[in-house]
1. Filter the stretch 10-33 for residues that are modelled with pLDDT under 90 and either surrounded by 14 or more Cβ atoms within 10 Å (Cβ to Cβ) or over 17 Å from residue 330 (Cβ atoms) (or both) and give the result.
2. Any chance the stretch 222-237 includes a residue that's within 13 Å of the ligand (Cβ to nearest atom) and assigned to a helix (DSSP H, G or I)?
3. Looking at the stretch 95-120 only, could you name the residues that are on the phi > 0 side of the Ramachandran plot and open to solvent by less than 30 Å² (accessible area, probe 1.4 Å)?
4. Pairs under 8 Å by beta carbon, first residue closer than 19 Å to residue 82 by Cβ in the stretch 290-315, partner acidic (Asp, Glu) and within 13 Å of the ligand (Cβ to nearest atom), six or more apart or different chains?
5. Scan the stretch 239-262 and give yes if some residue there is under 25 Å from residue 172 (Cβ atoms), more than 13 Å from the ligand (Cβ to nearest atom) and open to solvent by 20 Å² or more (accessible area, probe 1.4 Å), otherwise no.
6. Can you name every residue in the stretch 283-324 that is open to solvent by less than 10 Å² (accessible area, probe 1.4 Å), in contact with a Ser or Thr (Cβ under 9 Å, 6 or more places away or on another chain) and in a helix (DSSP H, G or I)?
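The values are calculated or read from the model by the stated rules, or taken from the named source; none is laboratory data. Model, not experiment: these values are computed from the prediction. Here the Cβ positions follow ideal geometry from the backbone for every residue, glycine too, while neighbour counts run over all protein chains shown. Note: accessible area is taken over every heavy atom of the protein model, side chains too, but ligands, DNA and RNA are not part of it. Shrake-Rupley method; radii C 1.70, N 1.55, O 1.52, S 1.80 Å.
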Amino acid sequence: MTAGFLYSLATSGLRLLDPETAHRLAIRALQAGLIPAGPPLPGNLATTVWGKRFPSPIGLAAGFDKDAEAMAPLLRSGAGFVEIGAVTPRPQPGNPRPRVFRLPEDAAVINRYGFNSAGHAVARDRMQAFRRYSMMGGGVVGVNLGMNKDETDPPAAYRAGVEQFAGVADFLTINVSSPNTPGLRDLQQEGLLAEIVAAAREALDRFDRAPPLLVKLSPDLSDAAVDTLVERLTSGGMVDGWIVSNTTIARPDTLKSRFASHVGGLSGQPVRQRSTELVARVYRASGGAPIIGAGGVDSGIAAYEKIRAGAALIQVYTALIYAGPMQLVRIGEQLSGCLSADGFASVRAAVGADHH
Ligand SMILES: Cc1cc2nc3c(=O)[nH]c(=O)nc-3n(C[C@H](O)[C@H](O)[C@H](O)COP(=O)(O)O)c2cc1C
């Protein structure tokens, strides 16, 4: 029996379990070294963003490795980069279970984890150990910063996140777009977000080699709100890039699954188009700032469409729930083919091609 066969047996077995149990088991399997190392990645996938080299633009989105437990095995299995978190300043349990639902008929997931987190200190210690023991830094790892449910001073929570992680993270993401912490998404209002970003930036400026600061946006923002936010935060040089997008609270009437009306953030195919539209919007409004595109990427074509719309990098989550962590490599291989077929020598050359 080949490792590949065992692997596909294991991933189909995981789908029979409730999604949160499958999620925990997947993390354990990665930690135990049960996920095979990825094959060599096609050379045209290597790309450089913020001066950092990515072996592939296809990374793992926030919310899978929330507590920084499996960064090294994920990178070894072929993830171009990993974003850990969301991490909250203090540990908190998140919402009661069940809090993740598969919608297979819709190639989608609804989650309302609500920032279950071991807290800053635990994740920071694990990242420090990872940096110490992995050879040559070991790959690109970003940190998704959240805040506790009972937080009364949001700018202070994000400032604390920067102070804890700026020395170990390759990028930092201000996440005010998850739908499962009451009031969090209201922080995307221009004035409030500017205050949070200013607090984070001030803390960041005290580090010698400060990592780039990103803001992750909700697909439920209006186009006008996105334009205003992006123009304002780009022009002041406050933000170095954008992640587009988080999950949606919208429920398109095309959804077929019996879980469609569950409360939480919807991800996967139903957000694919809106998130690609927003990538294009943010690309234009920011004058070509680096964007990480996320939302319904389950194939090389889906990744390529976001890159052409303006994404320099891509993140995947829901497709992994259905096809396992090796899906990142498959998406990369397909993307490599798309680039070659259209005569692009590199990912970089295709970024924003639809606008030119
Ligand atoms: C189970 C689950 C948990 C998530 N947790 C987080 C999180 O903690 N922080 C965050 O910014 N996004 C989180 N997300 C959103 C993803 O990072 C991603 O932006 C979104 O799911 C769209 O990508 P996809 O369609 O490939 O899943 C989560 C998504 C899922 C499915």
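1. If the condition is that a residue be modelled with pLDDT under 90 and either surrounded by 14 or more Cβ atoms within 10 Å (Cβ to Cβ) or over 17 Å from residue 330 (Cβ atoms) (or both), then 10, 11, 13, 14, 15, 16, 17 are the ones that fit.
2. no
3. Correct list: 114, 115, 119.
4. Sorted first by the residue in the stretch 290-315, then by its partner, the pairs are 315/83.
5. Yes: one or more hits.
6. If the condition is that a residue be open to solvent by less than 10 Å² (accessible area, probe 1.4 Å), in contact with a Ser or Thr (Cβ under 9 Å, 6 or more places away or on another chain) and in a helix (DSSP H, G or I), then 300, 302, 306, 309 are the ones that fit.
Okay, residues lined up against (1) surrounded by fewer than 21 Cβ atoms within 10 Å (Cβ to Cβ); (2) under 18 Å from the mean Cα position of the chain (by Cα):
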{"residue": "175", "(1), (2)": "no, yes"}
{"residue": "183", "(1), (2)": "yes, no"}
{"residue": "189", "(1), (2)": "yes, no"}
{"residue": "194", "(1), (2)": "yes, no"}
{"residue": "200", "(1), (2)": "no, no"}
{"residue": "204", "(1), (2)": "yes, no"}
{"residue": "209", "(1), (2)": "yes, no"}
{"residue": "212", "(1), (2)": "yes, yes"}
{"residue": "216", "(1), (2)": "no, yes"}
